[in-house]
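Quick notes on the structure that follows.
The values are calculated or read from the model by the stated rules, or taken from the named source; none is laboratory data. Every value quoted in this text rests on a predicted model; they were computed, and no experiment measured them. Counting neighbours? That spans all protein chains shown, and the Cβs are built from the backbone with ideal geometry, glycine included.
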Amino acid sequence: MFLSRPELIKKEIFEIAEYVPGKSIEEIASAYGLDPGSITKLGSNENPLGPSSKAIQALVDTAPCANIYPSADARELREALSKYTGFPVSNLIASGPGMDGLLDGICRLVIEKGDEVIVPTPTFAYYELPARACGGKPVFVRRNQDFSLDPKKILEAESSRTKIIFLCSPNNPSGNLLPEDDLRKILENTRALVFVDEAYVEFADRNLAGLVREYDNLVIGRTFSKVFGLAGLRLGYGIMPEWLAKEYIRAATPFSVSLPALKAGVAALSDTEHLRKSIEVVRKGREYLEEKIPFKVYPSQANFMLVDVAPLKAKAVTQSLMKKGIIVRSCDSFREAGDTLIRVTVGTPDQNEKVVRAFETVKSEV
Ligand SMILES: *Cc1c(COP(=O)(O)O)cnc(C)c1O
């Protein structure tokens, strides 16, 4: 009786590889018979301090208004973002669910069947998903050994069908920044839209958003999921030229930012003390982890460290850590990342110590 009608589904959808998220506490607790309270989650780059208390209060305060539609264009949040970023409201788009929602919105605005997008690998795995869903084809360009990219190779990969170039700074999972000169070279020599994902930019020394004032083909993606500790609310935003923001709004779902997310976002932006502390914890933790993890650790400008456990395998080491109740992210599901890389979120000092000890134990066991 349970028939299916796959012929109703667009062909492109079958090309989409399953998105592999970091493991949850519940999964690991049940897989290894552990007490959920004893598990340290350092696999998804969440803020170990939790959300700002002001954001939590905003969520409580908005609960009784859940029957009311939010503003269609998240005006109040965009005004707060205008103060935070220095850009006028006309350059800002707020998006739910998360920056992923912004990526969806941009793809559905520009990608037609047969178009191409350029993705320098290894990088964040989501970009190809909305592109494929719109009928687009990802063209992968390998990064250099140190995860920097070669603007010439990116530009050589461009065809008459290229619509978007996806760049990420700091890059996930490698933690390195895109140099401004490289971005300028790309912006000046492409007809495509360039999307720069700055999900982790608050932890970094530099950002690239200022270039939106100079180039009409640059979009910056940002999120409340990382430094602001609101991953569960699914809130992101974009900084883009005014002409593009106008068209974006035309194509996007109205009310995409829920009322609780909107109010919590505004509150989070006002809590500069929580923001400062969240950045400080990461900066100190990065130094500690880079020094103490007994494997090769790449320098990072984000809230995670990339660890190369060679000659061990990432999957095996990740599993041993999970058995000890520590969740980290094996990077073998990232395209072109090989099978020896593990991404570790920077946690509280206690959590960092735990993960270092666990790595030491794993190393001593071989
Ligand atoms: C976490 C992450 C995002 C997604 O952010 P959401 O706002 O939670 O959708 C985007 N890009 C990169 C590189 C990320 O690591």
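Details
- Among the residues of the range 146-174, those identified as polar (S, T, N, Q) and buried (at least 18 other Cβ atoms within 10 Å of the Cβ) are T162, S169, N171, N172, S174.
This table checks each residue for (1) at pLDDT 95 or above; (2) over 30 Å from V355 (Cα atoms); (3) within 16 Å of the ligand (Cβ to nearest atom); (4) hydroxyl-bearing (S, T, Y).
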{"residue": "N45", "(1), (2), (3), (4)": "yes, no, yes, no"}
{"residue": "Q57", "(1), (2), (3), (4)": "yes, yes, no, no"}
{"residue": "P70", "(1), (2), (3), (4)": "no, yes, no, no"}
{"residue": "D104", "(1), (2), (3), (4)": "yes, yes, yes, no"}
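- Evaluation of I28 against (1) in contact with a helix residue (DSSP H, G or I) (Cβ under 6 Å, 6 or more places away or on another chain); (2) at pLDDT below 90; (3) more than 16 Å from the ligand (Cβ to nearest atom) (one fails), failing number: (2)
- Near pairs, Cβ below 6 angstrom, 6+ apart or cross-chain, from the range 217-235 (more than 13 Å from C168 (Cα to Cα)) to any residue that is within 9 Å of the ligand (Cβ to nearest atom) and polar (S, T, N, Q): K226/N45; A231/S225
- Candidate set: the range 86-104, residues that are within 19 Å of L230 (Cβ to Cβ) and not hydrophobic (A, V, I, L, M, F, W, C); chosen: the one surrounded by the fewest Cβ atoms within 10 Å (Cβ to Cβ): P97
- Where strands (runs of 3 or more DSSP E) fall wholly inside the range 233-346, the ranges with 2 or more residues that are within 16 Å of the ligand (Cβ to nearest atom), assigned by TED's automatic domain parsing to the domain that holds V89 and touching a strand residue (DSSP E or B) at 6+ places or on another chain (Cβ under 9 Å) are 236-239.
- Taking the range 1-92 as the region of interest, the helices (runs of 4 or more DSSP H) fully inside it that hold 1 or more residues being basic (K, R) are 53-62, 75-85.
- For the range 120-142, a tally of residues being of a type in the set (K, R), surrounded by fewer than 20 Cβ atoms within 10 Å (Cβ to Cβ) and in contact (Cβ under 8 Å) with a residue 60 or more places away in the chain returns 1.
- Taken over the range 310-334, the criterion of being more than 19 Å from A31 (Cβ to Cβ), in contact (Cβ under 8 Å) with a residue 40 or more places away in the chain and more than 20 Å from the chain's Cα centre (by Cα) is satisfied by L312 alone.
- Residue check, F14 loosely packed, with under 13 Cβ neighbours inside 10 Å and touching a Pro at 6+ places or on another chain (Cβ under 9 Å): yes
- Here the range 125-177 is the region considered, the condition is being outside any loop (DSSP other than H, G, I, E, B), among the basic types (K, R) and closer than 27 Å to M305 by Cα, and the residue that is farthest from the ligand (Cβ to nearest atom) is K153.
- Restricting the range 181-227 to residues that are in contact with a Gly (Cβ under 9 Å, 6 or more places away or on another chain) and farther than 23 Å from R286 by Cα, the residue that is nearest to the ligand (Cβ to nearest atom): G221
- Scope the range 18-59; condition within 18 Å of the chain's Cα centre (by Cα) and more than 30 Å from K277 (Cβ to Cβ); matching residues: E18, Y19, V20
- Just one of the listed residues (A261, A337, A267) is out of contact with any Leu (no Cβ under 8 Å at 6 or more places or on another chain), closer than 23 Å to G232 by Cα, touching a residue at least 40 places away in the same chain (Cβ under 8 Å) and crowded, with 17+ Cβ neighbours inside 10 Å, and it is A267.
- Per the listing V344, V297, the residue uniquely within 17 Å of the chain's Cα centre (by Cα), modelled with pLDDT of 95 or more, surrounded by 14 or more Cβ atoms within 10 Å (Cβ to Cβ) and more than 30 Å from A58 (Cα to Cα) is V344.
- Flag: S90 does not match the condition of being modelled with pLDDT of 95 or more, closer than 27 Å to E26 by Cβ and either away from the ligand (no atom under 16 Å from the Cβ) or not hydrophobic (A, V, I, L, M, F, W, C) (or both).
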